[in-house]
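Undergrad: Just passing along the structure, written as structure tokens.
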Amino acid sequence: MESRPAGGPWTGRAPGRVNLIGEHVDYLGGVVLPAAIDKHTTAAGHPGASWSVESLVQGGLAYLQAVGEELGVAPQVVAVTSDVPPKAGISSSAALMVAAAVGLRPDLDGMDAARACQRAEQKATGVQVGIMDQFASALGQRGHAMLLDCTTLEYQAVPFPEELAIAVIDSGEHRSLADTPYNERRREAEAFDPRRRRHVDSEIARVHAFVYALGRRDFNEVGRLLKQSHASLRDDFEVSTPTVDALVEKAWGIAGCYGARIMGAGFGGSVLALVDRAEAKNFAMAIGRPVLMCATADGAYVAPR
Ligand code: GLA
């Protein structure tokens, strides 16, 4: 990617992400399987006397300022547009920060940009997030999910089958991560609490089984793993809510739905369902909640192919 002289106007665009499986394991060095999606945030800016942001969504300033500090750039006047809904579990904050990073520093290596945005999110929110969201937003690939090893940061593109539709269902329970026990769960898992670790170990095994099942196009097995993941997040990691549990169970019962689970940090947010593409419209009608149908997309630091 071409580098541009600093100090002039800039524009950057970055996608949100879904996580197919591998939840609450990134900050413990586990493997995850996110995908960048075709919902994007665009940030456009130019240098100014102090940081400012114009956006329909509140709260972006702290993120942008933190990214700016990580990237070592002077204050900017920024305008943001986005079709990544905030607080819904598809990483609107990662999309915003990676959009600013790629606009301000297109010359960076995508991995370094993801690391800078992870640090910026931790600073801006006090939430000790892992690297999954920023990494997927920076380096995901259209047509693929990303199998990411959060210890080595080695990653591999895993072809995502055309036959599956990715449905993201809004639970209606919106939250900021800073208001959730995310840090507490992280501490408990790091302290080897047996139940929390049972989730982590079983979830990592499910990621590998999921990749194998996707490769064989064994969608029933893919769905079974999603259901197991939900049960583990609900019972062992305790990051679900009664509203989300009810929505997940409703999704499981709809024709064409292979499986569904709570997605992202949890404590509300969104449910991910993988649905037979031919049944996607019926599924969206039957679930009775707003649904975003998502396709995989390229990350911000991936050159157009
Ligand atoms: C949030 C964090 C990620 C990850 C997920 C849970 O999305 O930003 O780093 O920990 O929660 O898997």
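The values are calculated or read from the model by the stated rules, or taken from the named source; none is laboratory data. All figures in this text were calculated on a predicted structure; none of them were measured in a lab. When we count neighbours, we look across all protein chains shown, and the Cβ atoms used for this are built from the backbone with ideal geometry, even at glycine. For the accessible areas, the whole protein counts, side chains as well, though only heavy atoms, and no ligand, DNA or RNA atoms are used. Shrake-Rupley method; radii C 1.70, N 1.55, O 1.52, S 1.80 Å.
Undergrad: Based on this model, can you work out whether SER55 counts as closer than 29 Å to ILE262 by Cβ, open to solvent by 10 Å² or more (accessible area, probe 1.4 Å) and more than 16 Å from the ligand (Cβ to nearest atom)?
TA: Taking the combined requirement at face value, the residue satisfies it.
Undergrad: Then there's this: Among the numbered criteria (1) hydrophobic (A, V, I, L, M, F, W, C); (2) farther than 19 Å from ARG175 by Cβ; (3) within 16 Å of the ligand (Cβ to nearest atom), which one does ILE90 miss?
TA: Only one criterion in (1) hydrophobic (A, V, I, L, M, F, W, C); (2) farther than 19 Å from ARG175 by Cβ; (3) within 16 Å of the ligand (Cβ to nearest atom) is unmet by ILE90, namely (2).
Undergrad: Could you list, in sequence order, the residues of segment 215-260 that are touching a residue at least 60 places away in the same chain (Cβ under 8 Å) and open to solvent by 30 Å² or more (accessible area, probe 1.4 Å)?
TA: Of everything in segment 215-260, those that are touching a residue at least 60 places away in the same chain (Cβ under 8 Å) and open to solvent by 30 Å² or more (accessible area, probe 1.4 Å) turn out to be THR243, TYR258.
Undergrad: Among (1) in contact (Cβ under 8 Å) with a residue 40 or more places away in the chain; (2) crowded, with 24+ Cβ neighbours inside 10 Å; (3) over 22 Å from LEU20 (Cβ atoms), which single condition is VAL98 missing?
TA: Every condition holds for VAL98 apart from (3).
Undergrad: Say whether the condition of being among the acidic types (Asp, Glu) and over 23 Å from PRO159 (Cα atoms) is met by at least one residue in segment 14-25.
TA: no
Undergrad: Does segment 287-305 hold any residues that are assigned to a loop (DSSP other than H, G, I, E, B) and under 26 Å from ILE254 (Cβ atoms), and which are they?
TA: Once the filter is applied, which keeps residues that are assigned to a loop (DSSP other than H, G, I, E, B) and under 26 Å from ILE254 (Cβ atoms), segment 287-305 yields GLY288, ARG289, PRO290, ALA295, ALA297.
Undergrad: Pull up segment 172-198, narrow it to residues that are within 16 Å of the ligand (Cβ to nearest atom), at pLDDT below 95 and in contact with a helix residue (DSSP H, G or I) (Cβ under 8 Å, 6 or more places away or on another chain), then point me to the one that is farthest from ILE287 (Cα to Cα).
TA: Only one residue fits best here, namely ALA178.
Undergrad: Follow-up. Considering segment 167-195 alone, what residues qualify as being closer than 24 Å to GLU121 by Cα and of a type in the set (Lys, Arg)?
TA: Those that are closer than 24 Å to GLU121 by Cα and of a type in the set (Lys, Arg): ARG175, ARG185, ARG186, ARG187.
Undergrad: Hey, among the residues in segment 263-279 that are in a strand (DSSP E or B) and more than 16 Å from the ligand (Cβ to nearest atom), which one's surrounded by the most Cβ atoms within 10 Å (Cβ to Cβ)?
TA: Taking the candidates together, the pick is ALA273.
Undergrad: Just a yes or no: is a residue in segment 68-82 open to solvent by less than 40 Å² (accessible area, probe 1.4 Å), outside any strand (DSSP E or B) and within 16 Å of the ligand (Cβ to nearest atom)?
TA: The answer is no, given that none of the residues of segment 68-82 is open to solvent by less than 40 Å² (accessible area, probe 1.4 Å), outside any strand (DSSP E or B) and within 16 Å of the ligand (Cβ to nearest atom).
Undergrad: Among the candidates GLY103, GLY143, single out the residue that is away from the ligand (no atom under 12 Å from the Cβ) and open to solvent by less than 10 Å² (accessible area, probe 1.4 Å).
TA: Answer to the selection: GLY103.
Undergrad: In this structure, does ARG195 turn out to be surrounded by fewer than 20 Cβ atoms within 10 Å (Cβ to Cβ) and in contact with an Asp or Glu (Cβ under 6 Å, 6 or more places away or on another chain)?
TA: yes
Undergrad: What's the total number of residues in segment 203-214 that are open to solvent by 40 Å² or more (accessible area, probe 1.4 Å) and closer than 22 Å to ASP245 by Cα?
TA: Count: 1.
Undergrad: Any chance you could count how many residues in segment 106-127 are near the ligand (Cβ under 9 Å from one of its atoms) and surrounded by fewer than 24 Cβ atoms within 10 Å (Cβ to Cβ)?
TA: Summing the residues that are near the ligand (Cβ under 9 Å from one of its atoms) and surrounded by fewer than 24 Cβ atoms within 10 Å (Cβ to Cβ) in segment 106-127 gives 2.
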